[in-house]
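Any read-out appearing in this document is the output of simple, stated calculations on the displayed coordinates, not a laboratory observation. These numbers come from a predicted model, not from an experiment. Cβ placement follows ideal geometry from the backbone for every residue including glycine, while neighbour counts extend to all protein chains displayed.
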Amino acid sequence: MNKLKIMQEVSMNKNMKLSEHLASPSEAALSHSSKLDGLRLSPHFTLGELTKTNHKTEDQNIPSRVAIENLRNLCENWLEDLRYSYNTLYKSTVAEPAALDRRSLATRSALPLGLSKNGTQEAPLFINSAYRSPEVNKKAGGSPTSNHLTGCAVDIHVSGFEQAIRYASILLDISDGTKRDFDELYIERNSSGSHWIHFAVRPKDNRRKSSLIIAK
C-alpha cells in the first residue's frame, strides 16, 4: 500500500510528501513538519508530535494506517485524560514558561502553555518519542519487539522523578476507573539521571506490566 494514502484518514492531502521532525530541520522539512503538526489525533496532540525523531532515515518515519489508529487511541483515551487530570490535581505545580527547560523544548513540537476554557494556565505533555519505524527504532537502540513499532507506545517527558510518579499514578487511576488495561507503564531513568514515562497500550492482549527501570 502507498504510505501516502494512509494519511487520508487524518485529512492530509495525499500528494503531500511527508517529512520527519528534525532537531535542526531544513526549510522544506520545517514546512512539512508544520503540516504534520496541523493533523490532530486529539484536541491537544498532533501526528507530528507523535512521529518526530532526531534520527534521519529514508523511510521518514511514516506510520501505517494501523499505527495511526493505535496512536489515536493513546491520545484520545489516555494522554488527554492524563493531561486534564494532572492540570486539575496539581495546578500549583504548573511551571511558568520561563521555568521550562528550553534545551529540552528545542526539539519538541508541542504547543506552549495555554489557557483552559475557564482561563487558567495549563501545562502540556511533552512527547519524547512515540511511533518508530524499524529504521528509527534500530537507530534509537529499541527492542525489535518494541511497542513503538506499532504506534502503541509513547515516551513522556517529565521534569523529575516526582512528576513521573504523579503521571504514573494518574495513568493507573485512569485504567482502574475506565476498566481499560495497558500493556506497559515504566518509570525509566538513563545513566545521566533523566527520567521519563514509557507507556504502552495494545489493541488487545495487554499485560499490565509496570516497573522502575534504571540504566546502569
task = Give me Phe199, Phe161, Phe182 ranked fewest to most by other Cβ atoms within 10 Å of their Cβ, as a rough exposure proxy.
result = Phe161, Phe182, Phe199
key: Pairwise centroid distance, computed over Cα atoms, of the range 66-93 with the range 151-178, Å   = 9
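Using the number of other C-beta atoms within 10 angstrom as an exposure proxy, rank Ile170, Ile197 with the fewest first. Intermediate values should be presented prior to the final figure.
Working: Ile170 20, Ile197 23.
Ranked by crowding around the Cβ, least crowded first: Ile170, Ile197.
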message = Neighbour counts of other C-beta atoms within 10 Å: give me Thr145, Thr150 arranged from fewest to most.
response = Thr145, Thr150
request  = Could you pull out the pairs from Lys179/Lys209; Lys91/Lys179; Lys52/Lys138; Lys56/Lys209; Lys179/Lys204 whose alpha carbons sit more than 21 Å apart here?
outcome  = Lys91/Lys179; Lys56/Lys209
